[in-house]
Structures are given as C-alpha cells and as structure tokens.
Amino acid sequence: MSQQDKEVVKGVVEWKIKLGDDDHDNHSLALSSLLLLPSVMVACIWGAMVGVSMKVCKFVKKAWQMGLDDPRKFIHGLKVGVALSAVSFFYYIKPLYDGVGGNSMWAVMTVVVVFEYTAGATICKVINRICGTSLAGFLAIGVHWLADRAGEQGGPMIAGVSLFLCASATTFSRFIPSIKARFDYGCLIFILTFSLVAVSGYRVEKLLDLAQQRVSTVIIGTCLCIIVSMTICPIWAGQELHLLVIKNLDKLANSLQGNVDEYFNNNQQEGASDEECRTKLIGYKCVLSSKATEETMANLARWEPAHGRFNFRHPWKQYVKVGASMRTCASCLDALIACINSHNQAPDHIKNKISGISVKLGSKCANVIKEVATTMRNMTKSSKVDMLIMEMNDAAQELRDLLNNSHSNNLLIIPQKPSTTTNEEDEEVVGSVVELNMMMIPAVMEIIQVVTVASLLIETVSRVEDIVKAVDELSNLAKFKEPKCVKDNKIHPTKQQNHHDDVHEAANNNDNKTLQMV
C-alpha cells in the first residue's frame, strides 16, 4: 500500500471517530434536555401560579380598600343577598311554591334585575316593571280573546299584527326624551311580557292563569326589593345628588382660588403636599364631567318618598340648573388653566401690576362660592352672601378701573405719532420722547395674556352671580330655613322699631347740640 493510500485510510478512520463522538454528544444533550423538561414545566407552572396569586391579592386589596372608602357598597351586596334569600323561599318551600306555581323563578329573576344601588333607582325599576308587566299582560289577554273569536285562520294574523304594532310603537317611544328618562325600562318590559304572553297564549289553554301567576311573582319580587332597599341602610339618590352638588361647589371654589394664586405665584399654602395642591387645582374637572350623573340622580330622586330634610316634591330639577351654572363658571376656569400652562408666559413685572387686585378678586369669588356651598349644606339661607357679592363686585370694579387706566399705570403704553412741525429742535425733542416711549412699550404677546386672565376673572364674577341666583331659587323652592338674625328681627319687631327710634332720636339730639354750638 502506498503512502498516499495510508493517509486516506487514516483520514477516514479519524472522521469516523469524530462522527461517533458527535453522535454521542448529541445523544447526551438530548437525554439531558429530556431530564430537564419536567423541571422546566414545573417552574413555568409555578411561575404562572405565583403571577395569578399576586394578581388575585392585588384585586382583593383594591376591593377591600374600596369597601373601606365606601362601606355602603359592601352593605348593598349584603342587601341583595338578603333579598334573594328571602325570595328563594317561594321556590324551596312547597306550600309557597304551590301558591305561585312553577313561575316562582320569575320572582328570583325580578330581584336580580330590579335591585339597584339607590332606593330611587330601585323604586323606578319596580314601578316600571309592575306597570309594564300588568299593561302588557292585560293587553295580551285582550288580543288573545280577539284571536279566539276570529277563528283558526284569522287568529294568528291578529296576534302577529298586534305584536308587530305594539313592538314597533313601544320601541319608537323609547327615543322620546321624556319617556326614555323615566320609562325606558318599563317599555322594554312591556315588549318582553307582551311577546311572551301573546306568543305562548296561542298554544296555552289557561292563559289567564299564566298571566296571573306572572304578575303575582313580579309583585312579590318587587315588594321584597322595596322593603329591603328602604329599611336596611337606605341609600337615597336625592341625598347623593345634594352632596354631589355641595362637593362640586367646594372643589370649584378651591380650584378658582388655587389657580389664580398659581398664575400670579402667590401660593401661600404651607404644609400641603404637591399631590394635594394638584388635586385642588384640577378639582373643577369633576364639575365639568358631572352633567350625566346629576341628570340621572335628579330623575331617580323624583321617584323617592319624603326622607330626611327632603320633602316629597323637592325641586330636584333645580339641582340640574345649579350644576349647569357651575359648569359655565368652570369653563372660564378651564381657559385660565390654559394660560397657566402656556409656554409663553408674561414677565413678572407685568403680572405684578395686576397681581394684588387679581388675587383679591379670585379670593372674593371663592368666598362667595364657599358661602353658597354652606347654604346648601345647612339648608339655611345665608345672611352674608349679599355682603360677599358686594365685595366681589367692588374688587371686579377695581380691576376694570386698573385696565381702563392702563396708560396712566404704565401697563399698556401706546406711542403717539409726532405732529408735523418745521422747527428742527422740536422735531428732535419729539423724536427722543417717542424713542423713550417705544423702549417702554412691552411686547403685545406679553400683555395680551395678562389682559386675557384679567378679562376671564371679570367674566367669572358674572358666572358666580349666576350660581348664586340658581341656589337662591333653589332655597325659595325648597323652603330653606331663614337665618337666625332674620328670625330675631321677625320675632321682635317692636324691639327693632324701638331701637331705630332711639337711634333716630339720638341723631336729632346731636344735630340740635351742633346747631346750638354754632
């Protein structure tokens, strides 16, 4: 064998040895991966379980915190459980089950559907469900009676046409605003009940018994809902609306004063964190976004009976007007926020010229709103609101005078064109004066922002007066209590008259003494 052949054979043997080693390594790697696969799967499952448990813990923590913040939500859950447990006896106890028949499940479904958070919402749904079920049941029985008289051929046609007309008309009526606000749920129940009774009545012989059992189970479920909702820690929609409007008034007052101070760098609150200050500054946004809530609560409050300090025919619609007037004031405040967040800020020396009176005006407006909130909170007419409004108007007039006299106050200096003259010395003097005035003229963009803020504050005054008028109308309609000073004047009119007579007599005596001295 030649030397070349020996080298070839040696290379082949080495290649086989290397290939055999690679196969052994691959086999050992695959074996080790198979051995590690169960541990990897266990680790993945354990990681997933830990992640799910952490999410569950966070959810439970948030739910617990929500229950601590408002325990009424937890109580509402207990109330629903009590109502369902009570109504389920009609299904579990045989005598009660025999009394209402197999339709006792409708009572359970009624509690689930009707029971709401507030008593007003529950009463609204209860009345809608009873009226819709009763009206649809009686109408379906009448249609069934006509269908029986029409025979086998005309009966299905009468039932189908009546179902088409009732469903179409009722669905269209749900688009009418007045009906949608108060009877939308009743219209839906009317369509459902009429369809069930009319369609099933064509094959059921004892239709009257079916309708009677259906109405009786609905009445049982709704009565239990009303009893539980109004006896166990009742939550009144009217009271919630009253508190919501008061909170919005306080937030609006704090935001107004805080934003004016923020713009003029007059923050004097010590010990308050940045988060608290920011919350006060943006509190007006709750006023802007509360329209739907106020309208819903006002509609639900009209269904509630007299409770607490609220009579049966309390003017709940007036609360919506108060909220609308607050939103118009908050819109001015929203424009003021845009000036605060603007990148092109006016110089401090221009702000300082109207800073004092502007901060004073913002404080006076906030005081008026806070006094109005106190009036609503105590449901007593205020004896100080007129004086506060007078002070607010005086501050607004001072700001108007400052803007009107801006030329004399060097707030806005407008250059005058020099008069034509032939005297060279006069021309030089006039030119130097104009040049000096041009140096004192601030940029238009620096002035316009300050003037915009001042005009917004003046406009806010009129918006605050609208709030006062709306609350004053509410106090007259709701018959708020008179303040103590007015009561004292009404109780002791003779003393008041004697006091005025004494004062008048003393003044006359002083005048006579003065004349004698002269």
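Descriptive notes on the structure:
- Single residue of the stretch 292-341 satisfying the filter (open to solvent by less than 20 Å² (accessible area, probe 1.4 Å) and hydroxyl-bearing (Ser, Thr, Tyr)) that is nearest to VAL468 (Cα to Cα): SER325
- In this structure, PHE194 does not qualify as more than 23 Å from PHE310 (Cβ to Cβ) and not in a helix (DSSP H, G or I).
- Among all positions in the stretch 160-170, there is at least one residue which is surrounded by 14 or more Cβ atoms within 10 Å (Cβ to Cβ) and touching a Cys at 6+ places or on another chain (Cβ under 8 Å).
- Restricting attention to the stretch 116-133, the residues that are open to solvent by 10 Å² or more (accessible area, probe 1.4 Å) and either out of contact with any Gly (no Cβ under 8 Å at 6 or more places or on another chain) or under 12 Å from ILE235 (Cα atoms) (or both) add up to 8.
- ALA181 being touching a residue at least 60 places away in the same chain (Cβ under 8 Å), open to solvent by 30 Å² or more (accessible area, probe 1.4 Å) and part of a helix (DSSP H, G or I): yes
The rows are residues; the columns are (1) over 41 Å from the mean Cα position of the chain (by Cα); (2) among the hydrophobic types (A, V, I, L, M, F, W, C).
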| residue | (1), (2) |
| --- | --- |
| VAL87 | no, yes |
| VAL108 | no, yes |
| TYR117 | no, no |
| CYS131 | no, yes |
| ALA136 | no, yes |
| ASP148 | yes, no |
| GLU152 | yes, no |
| PRO156 | yes, no |
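- A residue that is open to solvent by 70 Å² or more (accessible area, probe 1.4 Å), farther than 30 Å from LEU252 by Cα and at pLDDT 55 or above occurs nowhere in the stretch 425-435.
- Test result for MET1, open to solvent by 100 Å² or more (accessible area, probe 1.4 Å), modelled with pLDDT under 55 and out of contact with any Gly (no Cβ under 8 Å at 6 or more places or on another chain): yes
- Condition check for MET54: under 22 Å from ILE130 (Cβ atoms), assigned to a helix (DSSP H, G or I), open to solvent by 80 Å² or more (accessible area, probe 1.4 Å) and at pLDDT 85 or above: no
- Residues satisfying the stated conditions in the stretch 110-122, i.e. under 12 Å from TYR185 (Cα atoms) and not hydroxyl-bearing (Ser, Thr, Tyr): VAL113, VAL114, ALA121
- Residue within the stretch 256-264 that is small (Gly, Ala, Ser), open to solvent by less than 70 Å² (accessible area, probe 1.4 Å) and at pLDDT 90 or above present: no
The values are calculated or read from the model by the stated rules, or taken from the named source; none is laboratory data. Note that the structure is a prediction, hence the values are computed from the model and not measured. As a convention, Cβ positions derive from the backbone with ideal geometry for all residues, glycine included, and neighbour counts pool all protein chains shown. Surface accessibility is based on the protein's heavy atoms, side chains included, excluding ligands, DNA and RNA. Shrake-Rupley method; radii C 1.70, N 1.55, O 1.52, S 1.80 Å.
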